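Colleague: Here you go, one structure.
Just so it is clear, none of the values below were taken in a lab; they were calculated from the coordinates. Just so it is clear, the structure is predicted and the values come from calculations on it, not from any experiment. Quick reminder, even Gly has a Cβ in these numbers, built from the backbone with ideal geometry, and neighbours come from all protein chains shown.
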Amino acid sequence: MKIGTPLLLLLAALLVAAPVAAQEQVPERLSLERALEIARASNPSFRASSNDERVADWNVRQAWGRLLPTATANAGVAWQGTGEQQFGTLTLGDLGFGNQPSYYTSSYRIGLSYSLDWATIKGPSQAKADRASTVSQIDVAESNLVAQVTNAYLEMLRQQEAVRIAEAQLENSRYNLRLAQAQLEVGAVTGIDVGQAEVQVGRSEVQALQSRNLFETARMRLLQQLGQPMGADFELSTPFELSEPTWELEELTQMAEGTNPGLELRRNTRRAADIGVSSARSSYFPTMTISTGWSGFTREASSTDFQIAQAQRQVASSIAQCSAQNELYSRLTPPLPPIDCARFAFTDAQRQAIVSQNDQFPFGFQQSPMTVSLGLSIPIFQGLSRQRNLEAARVQRDDAIEQLREQEIALQADLAIGLANARTAYQSALLEERNRQLAERQLTLARERYQLGEITFVDLVDAQTVLAQAEVDRIQAVFAYHDLVTNLEALVGTSLRN
């Protein structure tokens, strides 16, 4: 069938659009909440971690399945060619069974077995505990992803502010250049001031160019965390406002004890270790095994000539014995009546019976006797391996207890330090904002004094540099505060921002 050009174009468009539709799209205005949704759906590392839950689910199902009997079924066919077969030092020919035909055989067997020990009984509990640990590991990965995406989001906002400051610095430098040129026209300054102003403009252009590059780098790093292509264009829409940290340490500690994913992982690891000790003791307990099976087989010769000849030889032997017995009866005094030897004759019915009985391959099975067995295995001595494994399980449990305690102490310390740092960063940001306002007033005053000829152009540039540095310090202080709040959120395991 010949496919038209429009249909080919439609198929090509569907093939191209299929993978795009399956991937989360970045909207033109990207909020932090939407960025986290996209990252959960598209970040390769997190998706790889999330896939472990499916294996853990099947481990639980498998643990329950081990409490059920095991069923097996097998069948097969075989062919045996003609030739002599040896039984010890004799062959079939020595036993009078030469000229054996080839044989076709088939067989089947259905078996049921059931084995039960303490480790199998504890298997579902162990699998559930391991699954809980896996889920906690996924929660830890999600918490790390949230922190990474939030930090990348903040970094892009930070570089966006840096671009704004660099462009404002460039505009101030150009304004100073125009101011110096006006002063030169009225003869208030020399050309040196204009040259210095031009150099300052060039430096500001370089700073603006580098700031834009850092902004683009931050944008691509955010797209990398979201698992998106680098060509996506968007704007950030979530504002990170500076607000006073009013949380109390007791409040944060109580929240973290219930939602911190790392702490929950340690708890689940301890629960799994407790069950591991119980499972290790199972090597001291007996194991019960029950098995049964049904089987059958067929055996068919490729030719019934051998079987018919064997039956005919048996009939001939019976007739010869009958004749010899009649001869003996005739010599007795008085002689006995003779036996009818004709009844031993080989008939067509016997021939047909041999042919019918041979017709079994492949489904004329003969049932084998059913078997049922019950066993009980009691371990007595295994070279101290059981003691070693039990002690190793106990040590693993004790380690899990200490690691949980270490995690709790570290969490309390990190929360106390993080909260103190956040409060300090908030106060620092307020001070830097005041410094920026002072620097801005100083620059305005410096421009007025320069126009009056009271200061040199170098003094004006110094005032502008102080303002630029104050802007940078303010932005760094504000985003340092947001970074510390993000770290606190990772410790608590939930968002602390309104």
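Colleague: Going out from 0 in 10 Å bins, what whole percent of all Cα-Cα distances in segment 313-465 drops into each bin?
Modeller: P(r) for segment 313-465, in whole percents per bin: 7, 10, 8, 8, 7, 7, 7, 7, 7, 6, 6, 5, 4, 4, 4, 3, 1, 0.
Colleague: For the pair Asp52/Thr105, report the inter-label distance in nm, with labels modelled 7 Å from Cα in the Cβ direction.
Modeller: Distance between the two pseudo-spin positions: 5.2 nm.
Colleague: Below 15 angstrom from the Cβ of Val77, what's the summed charge of the other residues (Lys, Arg +1; Asp, Glu -1)? Could the numbers behind the result be given before it?
Modeller: Numbers: positive: Arg109, Arg299; negative: Glu300.
My count for the surroundings of Val77 gives +1.
Colleague: While we're here: Using Cβ counts within 10 Å as a stand-in for footprinting exposure, how do Ser143, Ser323, Ser377 rank, fewest first?
Modeller: On the way: Ser143 20, Ser323 14, Ser377 10.
Ordered from fewest to most neighbouring Cβ atoms within 10 Å, Ser143, Ser323, Ser377 come out as Ser377, Ser323, Ser143.
Colleague: Which of the listed residues, Val189, Ala232, Ser204, is farthest toward the dipole's positive end in segment 179-244, when Lys, Arg count +1 and Asp, Glu count -1 at the beta-carbon?
Modeller: Result: Ala232.
Colleague: For the chain, take the longest principal axis of its alpha carbons; what is the angle in degrees between that and the long axis of helix 32-42, to the nearest 10 within 0 to 90?
Modeller: Compared with the principal axis, the helix lies near 30 degrees.
Colleague: Then there is this: For segment 186-239, what is the largest minus smallest coordinate of the Cα atoms on each principal axis, given in angstrom and ordered from greatest to least?
Modeller: Each principal axis gives a Cα extent; for segment 186-239 these are 60, 20, 14 Å.
Colleague: A further question on this structure: From the alpha carbon gyration tensor of segment 290-332, can you work out the equivalent ellipsoid semi-axes (sqrt of 5 times each eigenvalue) and give them in Å, largest to smallest?
Modeller: On the way: eigenvalues 365, 65, 3 Å².
The equivalent ellipsoid of segment 290-332 has semi-axes of 43, 18, 4 Å.
Colleague: While we're on this one: Would you mind computing, in nm to one decimal, how far apart the modelled labels at Ser318 and Ala168 are, each placed 7 Å from Cα along Cα→Cβ?
Modeller: 12.2
Colleague: When Glu155, Glu440, Glu471 are ordered from fewest to most other Cβ atoms inside 10 Å of their Cβ, what list results?
Modeller: Details: Glu155 19, Glu440 15, Glu471 22.
Taking fewest neighbouring Cβ atoms as first place, the list is Glu440, Glu155, Glu471.
Colleague: Report, in debye and to the nearest 20, how large the dipole of the chain comes out about its Cα centre when Lys and Arg carry +1 and Asp and Glu carry -1 on their Cβ.
Modeller: Working: 43 positive and 56 negative charges, 489 e Å.
Dipole magnitude for the chain comes out near 2340 debye.
Colleague: Per DSSP H run of n ≥ 4, the term is -39500 (n - 2.57); total these for the chain, divide by its residue number, and report the mean residue ellipticity at 222 nm rounded to 500 deg cm²/dmol.
Modeller: On the way: 13 runs with 324 residues, N = 498.
After summing the helix terms and dividing by residue count, I get -23000 deg cm²/dmol.
Colleague: Starting from one equal scatterer on each C-alpha and no solvent at all, send me the Debye-based log10 I(q)/I(0) for segment 109-175 at q = 0.15, 0.20 Å⁻¹, two decimals.
Modeller: Log10 I(q)/I(0), no solvent term: -0.75, -0.89.
Colleague: Dividing the Cα convex hull volume of the chain by residue count, how many Å³ per residue is that?
Modeller: Details: hull volume 174.6 nm³, N = 498.
Convex hull volume per residue, Cα atoms: 351 Å³.
Colleague: Please turn the phi angles of segment 166-173 into ³J(HN,Hα) values with the Karplus equation 6.51 cos²θ - 1.76 cosθ + 1.60 (θ = phi - 60°), one per residue in order, whole Hz, x for glycine and proline.
Modeller: 5, 5, 5, 5, 5, 5, 5, 5
Colleague: Follow-up question, since we're still on this one. Rounded to the nearest 0.05, what FRET efficiency is calculated for Thr259 and Ala416 with R0 set to 22 Å and r the Cβ-Cβ distance?
Modeller: 0.80
Colleague: Compute the Cα gyration tensor for segment 352-393, then decide on rounded, prolate or oblate, letting a ≥ b ≥ c be the square roots of its eigenvalues: rounded whenever a/c is under 1.5, prolate when a/b is larger than b/c in the other cases, and oblate in all that remain.
Modeller: Details: a/c = 7.06, a/b = 4.66, b/c = 1.52.
Judged from the Cα gyration tensor, segment 352-393 comes out prolate (a/c at least 1.5, a/b above b/c).
Colleague: Multiply the residue separation of Leu112 and Ala182 by 0.36 nm, subtract the distance between their alpha-carbon atoms, and state the gained length in nm to one decimal. Working shown, then result.
Modeller: Working: separation 70, 0.36 × 70 = 25.20 nm, distance 10.29 nm.
Additional length available on full extension: 14.9 nm.
Colleague: What is segment 220-373 by shape, rounded, prolate or oblate, if you read a ≥ b ≥ c off the alpha carbon gyration tensor as root eigenvalues and call it rounded for a/c under 1.5, prolate for a/b larger than b/c, and oblate otherwise? Show your work: numbers first, answer last.
Modeller: On the way: a/c = 9.92, a/b = 3.42, b/c = 2.90.
Prolate is the answer for segment 220-373, as a/c is 1.5 or above and a/b outweighs b/c.
Colleague: How about segment 359-420: which chymotrypsin sites (Phe, Trp or Tyr not before Pro) there are in a DSSP loop, with at most 13 other Cβ atoms within 10 Å of their Cβ? Before the final figure, lay out the partial values.
Modeller: Numbers: sites: Phe363, Phe365, Phe381; in loops: Phe363, Phe365, Phe381.
Sparse-neighbourhood loop chymotrypsin sites (Phe, Trp or Tyr not before Pro): Phe363, Phe381.
Colleague: R0 = 35 Å: FRET efficiency of Ala392 with Ala147, Cβ-based, nearest 0.05? If you can, show how the numbers build up before the last one.
Modeller: Working: r = 35 Å, r/R0 = 1.01.
The computed FRET efficiency comes out at 0.50.
Colleague: For the Cα atoms of the chain, what angle does the longest principal axis make with the long axis of helix 191-226, in degrees from 0 to 90, nearest 10?
Modeller: Around 20 degrees separate the two axes.
Colleague: Which net charge results when you count Lys and Arg as +1 and Asp and Glu as -1 among the other residues whose beta-carbon is under 13 Å from that of Trp247? Walk me through the intermediate numbers first.
Modeller: Details: positive: Arg423, Arg497; negative: Glu244, Glu248, Glu250, Glu251, Glu489.
After counting each charged neighbour, the total is -3.
Colleague: Just grab the label-to-label distance for Ser278 and Arg405, each label 7 Å out from Cα along the Cβ direction, in nm (one decimal).
Modeller: Each label point lies 7 Å from its Cα, and together they span 2.4 nm.
Colleague: A further question follows. Rounded to the nearest 0.05, what FRET efficiency do Arg212 and Glu440 give with R0 = 30 Å and r taken as the Cβ-Cβ distance? Could you check? Display every interim value, and only then the final one.
Modeller: Working: r = 24 Å, r/R0 = 0.79.
Rounded to the nearest 0.05, the efficiency is 0.80.
Colleague: Can you give the extra length, in nm with one decimal, that the chain gains between Ala71 and Gln310 once fully stretched, where that is 0.36 nm per residue apart less the Cα-Cα distance? Could the numbers behind the result be given before it?
Modeller: On the way: separation 239, 0.36 × 239 = 86.04 nm, distance 4.27 nm.
Between Ala71 and Gln310, full extension yields 81.8 nm more.
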